[in-house]
Amino acid sequence: MDRDEKYMKLALEQAKSAYDINEVPVGAVVVFDNRIIGKGFNKRESENSPLSHAEIEAILEAAKELKSWRLENCELFVTLEPCIMCSGAIIQSRIERVVFGARDPKAGAVKSLYELLEDSRLNHRVIVEEGVMAESCSEILTTFFREIRSGQKPKCRDGAKPLN
């Protein structure tokens with residue numbers, strides 16, 4: 001198993017944690033010096049926060065670990081292509097490299113709809129690697145939404161779980 005797959009598997013474990021609590025199953029880990037310094041999964045429903053995306057959760061934990069908002073020389077592994085908000089956080093935190101699994105044709109801001117992380121007009125550009133374990137990353141999302149549509153999982157406003 002190569003290094004990118006190793007860390008993507010750990011991001012997938014985070015996605016499974018989200019799945020287990022009926023959150024949209026997206027997971028992320030931040031790696032610095034070959035060790036995980038931040039991890040996160042979607043918690044928008046459980047936290048009642050539009051900001052609680054997997055990437056943001058992982059970035060916040062990594063910044064606390066390094067005691068710095070600058071995550072230079074760090075890599076972010078995430079199961080789903082980051083959105084505009086998360087791409088902004090990646091740029092602002094100076095993450096060096098992003099590896100993602102599945103594309104997000106409706107909200108992806110790295111390759112699908114925009115290419116924010118590689119935009120030469122911005123003060124920081126990020127190395128991007130896509131498609132690592134894409135099938136596994138896509139499958140957990142497909143299964144989750146299939147279960148919601150079939151009534152196997154509770155539904156709420158955005159397709160995740162109701163809290164009460």
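The figures follow:
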quantity	calculated
Computed magnitude of the charge dipole of the chain (debye, nearest 20; Cβ of K, R +1, Cβ of D, E -1)	440
For the stretch 1-52: span of alpha carbons on each principal axis (Å, largest first)	35, 18, 11
Trypsin sites (Lys or Arg not before Pro) lying in DSSP loop within the stretch 49-114, provided at most 12 other Cβ fall within 10 Å	67, 70, 106
Ellipsoid semi-axes in whole angstrom, largest first, where each is sqrt(5λ) of the Cα gyration tensor of the stretch 1-153	23, 16, 15
Point-to-point label distance, residue 64-residue 113, nm (Cα→Cβ direction, 7 Å offset)	3.0
Label point distance in nm, residue 142-residue 34, each placed 7 Å from Cα along Cα→Cβ	3.5
Vicinal HN-Hα couplings computed from phi for the stretch 117-134 (Karplus, 6.51 cos²θ - 1.76 cosθ + 1.60; Hz; Gly/Pro x)	5, 10, 6, 5, 7, 8, 6, 9, 10, 10, 6, 10, 10, 10, x, 6, 6, 4
Helix 3-20 vs. the chain, principal-axis angle (Cα, 0 to 90°, nearest 10)	30
Approximate spin-label separation residue 106-residue 124, in nm, with each point projected 7 Å along Cα-to-Cβ	2.9
Å² per residue, accessible surface of the chain at 1.4 Å	52
DSSP loop chymotrypsin sites (Phe, Trp or Tyr not before Pro) with at most 15 other Cβ within 10 Å: longest gap in the chain	1-68
Over the chain: helical MRE at 222 nm, DSSP H runs n ≥ 4 each giving -39500 (n - 2.57), nearest 500	-11500 deg cm²/dmol
Accessible surface of the chain [probe 1.4 Å, protein heavy atoms]: carbon and sulfur percent	48
Mean Cα-pair separation over length for the chain, i.e. relative contact order, pairs under 8 Å, 6 or more apart, %	20
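The values are calculated or read from the model by the stated rules, or taken from the named source; none is laboratory data. These numbers come from a predicted model, not from an experiment. Note that we place each Cβ from the backbone using ideal geometry, even for glycine, and neighbour counts take in every protein chain shown. Just so you know, the surface numbers come from the protein's heavy atoms only, side chains and all, with ligands and any DNA or RNA stripped out. Shrake-Rupley method; radii C 1.70, N 1.55, O 1.52, S 1.80 Å.
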